[in-house]
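First up is the structure itself, then whatever we jot down about it.
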Amino acid sequence: MAQQEEGRDGRAWLWMLAGAAIIGSNGLMVRFAETPATISAFYRMLFAGLMLAAVLTVRGGWRPLPRQVWWWCAAAAAAFAADLWLWHRSILLVGPGLATLLANAQVFFMALAGMVLFGERVGLRFASGIALAFFGLYLMLGGDWDSLPPQYRWGVWAGLGTGLCYALYNLSLRRAQGEARAGAAAGARAPIEQVLAVIALLCAVLLGMAGLAEGSSFVIPSWQSLGWLLLLAGLGHCLSWVLISRAMAHLKVAVVGLLLLLQPIVAFLLDLVVLEITVEPRAWVGLALTLAGIFLASLRGRSRLPGPAA
């Protein structure tokens, strides 16, 4: 029995590391797709929704969804559409590494939501995490905000906005999952893949409307761009979510929070190796402090497991 538990924990570690590493490469895939920010987000969710729907159809897993689930799926889709709209712009303006790190601010917004909505206490650990993270971010940005180009500053704010929207997505998704599980009493429990497929397709509709309003072209410029968009949907969205969701059920919250920090680390390393971005020594110190702050703030109890960022 103990050996079985160790085996499951070992697989869970591998699932979590693989899922986090894949998400860490999402920003680079967005960059390589060479499509406008809204359009890459639209195709990511459209392709991901269709892939999940195809798998469910083959398995015969579609179930009727109660009205409450539809409402919460719509709320989650709206939050994630805003998340991707902001994050894909942040990637193009400040780079995949910093944009991914900023999106992890969702840890702080989730904690604040717990305080406001559920009456949870925010203690010294959380406050210390915020202080560390923002001091680290200050170092990473060079310590002189006013000297940064306006577009770069907008990219930083877009990255932080991504964290806020992602926290709202997490809250809505969990409520949708809870309502779907409640439907099991009536014999209509829907698998999580169905909830994710519905959210992805609704999200694609919203992003498509945003693209039309912006006057963006939906033409995919090349077969290479199509390949990157398919990888972004299949690996960066579907596979990473499946791996991380499976792993979370077998790992302690502290371990989950620690392993998820692989996302921004992978994103930064890819910036250095693939995009050949130069990073000053103080920025490395800032990265370490920000990651430590995020991890410290994420140690809040099993009921508020952090989710993967974008």
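The values are calculated or read from the model by the stated rules, or taken from the named source; none is laboratory data. Just so it is clear, the structure is predicted and the values come from calculations on it, not from any experiment. Cβ sites come from the backbone with ideal geometry, for glycine too, and all protein chains shown count toward neighbours.
Please tell me if Arg31 is under 18 Å from Leu173 (Cβ atoms), in contact with a Pro (Cβ under 9 Å, 6 or more places away or on another chain), surrounded by fewer than 24 Cβ atoms within 10 Å (Cβ to Cβ) and touching a residue at least 12 places away in the same chain (Cβ under 8 Å).
no
Can you find, within segment 45-83, the residue that is farthest from Gly161 (Cα to Cα) among those that are of a type in the set (Lys, Arg) and without any contact (Cβ under 8 Å) to a residue 24 or more places away in the chain?
Ranking the qualifying residues of segment 45-83, first place goes to Arg59.
For segment 112-230, list the helices (runs of 4 or more DSSP H) that sit wholly inside it and hold at least 1 residues that are closer than 19 Å to Ala48 by Cα and either at pLDDT 85 or above or in contact with a Ser or Thr (Cβ under 6 Å, 6 or more places away or on another chain) (or both); which are they?
Fully inside segment 112-230 and qualifying: 150-182, 192-214.
Filtering segment 1-41 down to residues that are among the acidic types (Asp, Glu) and at pLDDT below 90, which residue is nearest to Val242 (Cα to Cα)?
By that ranking, first place goes to Asp9.
Residues of segment 257-286 being β-branched (Val, Ile, Thr) and surrounded by 13 or more Cβ atoms within 10 Å (Cβ to Cβ), which ones?
Of everything in segment 257-286, those that are β-branched (Val, Ile, Thr) and surrounded by 13 or more Cβ atoms within 10 Å (Cβ to Cβ) turn out to be Ile265, Val266, Val274, Ile277, Val279, Val285.
Where the second residue is at pLDDT below 70 and assigned to a loop (DSSP other than H, G, I, E, B) and the first is closer than 12 Å to Leu171 by Cα and lies in segment 112-123, which pairs have Cβ atoms under 6 Å and are six or more apart or on separate chains?
Listed pairs, sorted by first residue: Gly114/Glu120.
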